[in-house]
1. Of the conditions (1) of a type outside the set (D, E, K, R); (2) part of a loop (DSSP other than H, G, I, E, B); (3) open to solvent by 60 Å² or more (accessible area, probe 1.4 Å), PHE166 satisfies every one except a single condition; which number is it?
2. What single numbered condition from (1) outside any loop (DSSP other than H, G, I, E, B); (2) modelled with pLDDT of 85 or more fails to hold for GLU127?
3. Filter the range 134-154 for residues that are closer than 26 Å to ILE92 by Cα and open to solvent by 70 Å² or more (accessible area, probe 1.4 Å) and give the result.
4. Restrict the check to the range 180-195 and report whether at least one residue is assigned to a loop (DSSP other than H, G, I, E, B), within 30 Å of ARG109 (Cα to Cα) and not small (Gly, Ala, Ser).
5. Could you check the range 72-90 and list, in sequence order, the residues that are more than 26 Å from MET130 (Cα to Cα) and crowded, with 21+ Cβ neighbours inside 10 Å?
6. Restricting attention to the range 184-194, and to residues there that are open to solvent by 40 Å² or more (accessible area, probe 1.4 Å) and touching a residue at least 24 places away in the same chain (Cβ under 8 Å), which single residue is nearest to SER206 (Cα to Cα)?
7. Restricting attention to the range 111-133, and to residues there that are of a type in the set (A, V, I, L, M, F, W, C) and closer than 14 Å to ASN51 by Cβ, which single residue is least open to solvent (accessible area, probe 1.4 Å)?
8. Kindly indicate whether any position in the range 160-169 is of a type in the set (Gly, Ala, Ser), at pLDDT 85 or above and either out of contact with any Gly (no Cβ under 8 Å at 6 or more places or on another chain) or on the phi > 0 side of the Ramachandran plot (or both).
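The values are calculated or read from the model by the stated rules, or taken from the named source; none is laboratory data. Computed from a predicted structure; not experimentally measured. Cβ: placed from backbone, ideal geometry, glycine included. Neighbour counts: every protein chain shown. Just the protein is used for accessible areas: all its heavy atoms, side chains included, with ligands, DNA and RNA removed. Shrake-Rupley method; radii C 1.70, N 1.55, O 1.52, S 1.80 Å.
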Amino acid sequence: MSDQENPASMLDREREIQRENALESKQSDSESQVTDLQLGKRVREIRLSHNLTLEEASQRTGLARSTLSKIENEQLSPTFQAVQKLAKGLNIDIPQLFASAKESRSAGRRDITRSGEGRLHPTPTYEHQMLASQLSNKRMLPYKSIVRSRSFDDYPNWVRHEGEEFLLILSGRVRFYSEFYEPVDLETGDSSYYDGSMGHALISISEEDAEVLWVTSS
């Protein structure tokens, strides 16, 4: 399964996008530079917590995708002007860029996603609905998906990503492929918990497209 087609493997998919480096927008030599202090890692954490691709973050911040990629990979130290654009585009305060995810989390948070109001992310093989998308720095990435794929051959590569993943079948039937196990058919109410770094893929085998809930650790 292609990483670009499956936001369940968003971390992996983002790393693939990050490897694509277009020409970097020129920055003024007169602008003061910000010491990175692993700033790139922090920028990536915040972007992913908002469920944003590099392209989406680029549109929000006004920074070139290649520039964002280099910042996240510690290949470029952003100017103060770039830091301002990052904070505004990611809807955070500048100090949050210099605090660890653990430090910036606050107690007692909550987010409610009404039925049908999740952030949609359609692909040729899935129709994803991202849940709790208003919360930043989540330790889990929850989303519902309608499984469009009907054949394992639809996906040229295994899906792989960091963390662990929980899968629950909400309706219909699916066939769950995993790298080190035989394929297994799962029905409504069945679930699976697995290592995200192990290759995996999912297809629908019911008459109607199956619907599933995924929760991925970040």
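1. (2)
2. (2)
3. Correct list: GLN134, ARG139, MET140.
4. There is at least one residue in the range 180-195 that is assigned to a loop (DSSP other than H, G, I, E, B), within 30 Å of ARG109 (Cα to Cα) and not small (Gly, Ala, Ser).
5. Answer for the range 72-90, where residues must be more than 26 Å from MET130 (Cα to Cα) and crowded, with 21+ Cβ neighbours inside 10 Å: PRO78, ALA82.
6. Among those that are open to solvent by 40 Å² or more (accessible area, probe 1.4 Å) and touching a residue at least 24 places away in the same chain (Cβ under 8 Å), it is SER191.
7. MET130
8. Looking for residues that are of a type in the set (Gly, Ala, Ser), at pLDDT 85 or above and either out of contact with any Gly (no Cβ under 8 Å at 6 or more places or on another chain) or on the phi > 0 side of the Ramachandran plot (or both), one finds none in the range 160-169, hence no.
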